[in-house]
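The values are calculated or read from the model by the stated rules, or taken from the named source; none is laboratory data. Just so it is clear, the structure is predicted and the values come from calculations on it, not from any experiment. Note: ideal-geometry Cβ built from the backbone for every residue, glycine included; neighbour counts use all protein chains shown. Surface accessibility is based on the protein's heavy atoms, side chains included, excluding ligands, DNA and RNA. Shrake-Rupley method; radii C 1.70, N 1.55, O 1.52, S 1.80 Å.
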Amino acid sequence: MIPVPSRQLIVAVGSTASLGLVAPVLGLGGELGLLVGGGLALVAGVDLLLGWILRQPPASRMDRVHRLSRERKGEVALILEKGRRPQRVRVGLSLGEHFSLPSDEAWVELPAGEGGHLTTWECTGRSRGHFREATVALQADSPLLLWQLRCVRRVEADVRVYPNLFAEKKPLAAVFLARNQVGSRMQRTIGRGREFEKLRDYLPGDGFDEIHWKASAKRNRPITKVFQSERTQEIYVVIDSSRLSGRSVVHEGREQPLLERFLAASMLLLLAAERQGDRFGLVVFDDRIRTFLAAGQGDGHYGACREAAAGVRPGEATPDIAELVRCLRTRLRRRALVFVLTDLSDPVVAEDFARHAGPLARQHLVLLSQIPPAEVAPLFHGPEARTIEDVYARVAGHARWQEILTVQRKLKASGVRAMTVRHENLAAELVAQYIEVKQRQVL
């Protein structure tokens, strides 16, 4: 704790010094200044001693998890311990450079008693992640207001900032309706279904492909197989967090890594799968598997996926596609719908993915989505080129666009459905693909 002289003490010392200089001129003698100065020093010393004993800043802590969404206002709670006497305390809070607070200090009236006094602070998380530490500055005044007793403490915190899904949800509102089991859970399906339900006697109109020949031979009468629509599917989202995911994109006027768009779209897709009653999982990789959450159901499993996504950061390694394919083929025993979010703008990575994706596509339904850079586009797409530099840039972008199309054709031949999409439409495209797969029962 550091004692700091207050404004009142500074004014009093200044007045005493002035009196000591003016007193000899007025014929009052120098003893008056010394007497007043000594008395002021005695009073200030007693006041400091009483403040040190009676008015020390209270202990503080943050004892619960605070969950925020990136770029959205939220609240964090700070608890100040009460004392035997009421106390007025000036409190300052800092959560680091990744947060902004409209006001980082406030005066708090602490009542007397036991336990803690809760104070809330409005803040906005600028970066996604888990943050474990906060800095609290406390100031208490001495009884005569001549001293300010200050201290700075680091307290343990648990502030978690998740991807912001609120802006992404607007175009997908119909998917998340859940009134009376209508909307999200009731989906029109095409076809008769692919999941075996039971056997029954043959009825006129049943197709020959529906007859169970072994059961018919055993019972000496035609037996028909009955199918039902697939009820529960396994959905996996595979996110590339390698060096390619650190490329910047501009979303809603702010520059952010491409990985942020992948995570926001992935969380919405998993939320849609949770509303549909499917099992869903999350995989994050770069040169090795960083996160693997096996498919599960329910709000608790979605919370686990959200916690895992909050701590993902762009890496510096090159993605290892062969390791990813080995992991998925080994761990995914049941045929699953696999969404892969990556960037194949690097020709070496694209060729590596095309070479290893075939065995995975034979075992699972693989849908690949990538967000090309803004300059990668067909030659006559966008505004008119006005300078020779614009023409060269357009030609270079068109060449890279042709490379992407070539990679997509190779992936299609391997059984992988690949598409390019603008980053602002990524979440809507992923959910639309997921709903289409369920309706057509492709899985």
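Structure above, values below:
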{"quantity": "Positive-end residue, the chain charge dipole about Cα centroid, Cβ charges, pick of T135, Q408, A41", "calculated": "Q408"}
{"quantity": "Between 0 and 90°, nearest 10: helix 347-363 axis offset from the chain longest Cα axis", "calculated": "60 degrees"}
{"quantity": "Signed unit charges on C-beta, dipole axis of the chain, positive-most listed residue G115, G246, I235", "calculated": "I235"}
{"quantity": "Nearest-20 debye value, the stretch 105-147 charge dipole, Cβ charges on Lys, Arg, Asp, Glu", "calculated": "360 debye"}
{"quantity": "Solvent exposure, largest accessible area first (probe 1.4 Å, DNA, RNA and ligands not counted), of F380, F208, F262", "calculated": "F380, F208, F262"}
{"quantity": "Å² per residue, accessible surface of the stretch 270-353 at 1.4 Å", "calculated": "40 Å²"}
{"quantity": "Sum of -39500 (n - 2.57) over DSSP H runs of 4+, divided by residues of the chain (222 nm, nearest 500)", "calculated": "-11500 deg cm²/dmol"}
{"quantity": "Loop sites in the stretch 232-266: GluC sites (Glu not before Pro), DSSP, at most 14 other Cβ within 10 Å", "calculated": "E252"}
{"quantity": "Tally of Lys pairs whose C-alpha atoms are under 21 Å apart, taken over the chain, 8 or more apart or cross-chain", "calculated": "8"}
{"quantity": "The chain - percent of accessible surface contributed by carbon and sulfur, probe 1.4 Å", "calculated": "54 percent"}
{"quantity": "Solvent exposure, largest accessible area first (probe 1.4 Å, DNA, RNA and ligands not counted), of Y202, Y392, Y162", "calculated": "Y392, Y202, Y162"}
{"quantity": "More than 34 Å apart - percent of Cα-Cα pairs taken over the chain", "calculated": "55 percent"}
{"quantity": "Rounded, prolate or oblate (a/c below 1.5 giving rounded, otherwise prolate when a/b exceeds b/c) for the stretch 352-443 by Cα gyration tensor", "calculated": "oblate"}
{"quantity": "Rounded accessible area of L9 (nearest 10 Å², 1.4 Å probe)", "calculated": "10 Å²"}
{"quantity": "Dipole axis of the stretch 328-381 (+1 Lys, Arg; -1 Asp, Glu on Cβ), positive-most option in L365, V340, A354", "calculated": "L365"}
